[in-house]
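Since every read-out is calculated from the coordinates, none of them should be taken as a lab result. Just so it is clear, the model here is predicted, and its values are computed rather than measured. Note that each Cβ is placed from the backbone with ideal geometry, even for glycine, and that neighbours are counted across all protein chains shown.
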Amino acid sequence: MLTDASNEGEALVSAVRIVFCGLILARFLALGGIRAEGGAPAALLQFPVLLFSIAASVAALQAARQRRFGPWMLVASAVLDAVFAHASLLSTLLWHGPHYTGLLRMPDPGAAIAVIFITALRLSPRAAWVGTTANLLLMAGLAALDSHLNAHHVTYGASEVAMLLLVMGSAGVVATVACAVARRMVLKSGSESARGERTRRHLSLLLREHHDVRTLLSAARLRTDLILRESGSAACARHAQAIAKDLGELEAFVDSVKTRALGELTMIDEPEPVDVASTLRHVVDVVQTRFSHVRIVIGAGASGSPEVEGLRARVVGGERGLAHVMTNLLVNACEGDGRRGASTVRASVEPDGGLGHILLRVSDDGPGFRADLLDGARPRSVTTKPRGSGLGMMLVGRLVEASGGTLRASSLPGGGARVDVLLPAGG
């Protein structure tokens, strides 16, 4: 996305360069061309420089539209801008009239400042400061050459040259800062655009699943009508069993739609700072009510320190997103593989050393993860539960990764499972 934006900026710079060089050429011709001050020698320098600059700008415009400009080509283009701008001033410096008072007394050096400013359009800080450096060196060289060749005409001194170079340097600083700000804006816009596209894609999938739900409902209605017509017959029992099956599939579809919709709504949000310990206590209270036979303990962290109050992590979806992650992890620990669950589940929160992350750990004494359910340290989005879909763990992984964190899962040597969630710390 940055490459596309930089190429669009380069295309605009190339178009401006074409217009700029065309105006200089038109002015040169209006002042007499070969018959102007400097005569044929000035024309032999001015015409090739301007024509070559226009031709190179046309080629650069086409290449930028085809997205061919990479980081170093942008730098090269910024340097060529400086070369063309200062080369066009050579004819004024070498061939001038009797009223010439020095290059810095002409309006032409203002072009160098404009050239520095437009480097910001390339969204490349490297191109901005390299182009600024090239412009400073070339302008200083032209001023020195002007003072050497036209000592009797030049009416400016070193202080004025220094002032011009200072203004050009300031323009370069502004251009570099503008590049950095524009890059952040492009990245943010691109991230939001990607989230929007992903949301549209998944909502389209939800619409297709909604169609399947409607089909199941239609089948259930039809079977209900048949039961009402054939009540008390053997066919009635078959229809009832079919309805039970349809309603089971319908329940699974509804859970799938709910999970996906929650995931998409949450992914639209920006990461927000959340009090992790407070959210964990609230989630534990809710899950404990559902699994009263399981002992859920909020224990000390791995370092042996008590639970740290006030720890905040940045999570997509804020407190709602973090609560969804914690709820899924605790419920999965309590349910186990669907046949045997845990009797004790431990949850802890602690800072992860000096890495700027918060570690949330959930461990249990259940059956642990089957080997085929782990992809290295990542849990797969599948389930061993008879009525599970695997969507819950998939959404947990997506939420954690979208927040800039990582999710790790493992089976403990003595039995049981452990899931570690690393989330970026937030103020």
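Details
- Ranked by how many other beta carbons lie within 10 Å on average, peptides 54-67, 121-134 from highest: 121-134, 54-67
- Fewest-first sequence of Met326, Met168, Met1 by Cβ atoms within 10 Å of each Cβ: Met1, Met168, Met326
- Each label was represented as a point 7 Å from its Cα along the Cα-to-Cβ direction; for Val19 and Leu94 these points are 3.0 nm apart.
- Per-residue extension of 0.36 nm, minus the Cα-Cα distance of Lys245 and Asp4, leaves a gain of 81.6 nm for this segment.
- Applying 1/(1 + (r/R0)^6) with r as the Cβ-Cβ distance of Ser159 and Glu401 and R0 = 56 angstrom yields a FRET efficiency of 0.45.
- Sequence of Ser193, Ser410 once ranked by neighbouring C-beta atoms within 10 Å, starting from the fewest: Ser193, Ser410
- Å³ per residue enclosed by the Cα convex hull of segment 2-195: 99
- In this label model, His152 and Phe52 are separated by 3.2 nm, measuring between points 7 Å along each Cα→Cβ vector.
- Note on Arg339 and Ser189: their simple-model spin labels are 5.6 nm apart, each label 7 Å out from Cα toward Cβ.
- Taking other residues whose beta carbon is less than 10 angstrom from the beta carbon of Val421, and scoring Lys, Arg as +1 and Asp, Glu as -1, yields +1.
- Within-9-Å neighbourhood charge of Ala60 [Cβ basis; K, R +1; D, E -1]: 0
- Neighbour-count ranking [beta-carbon atoms within 10 angstrom, fewest first] of Ile358, Ile118: Ile118, Ile358
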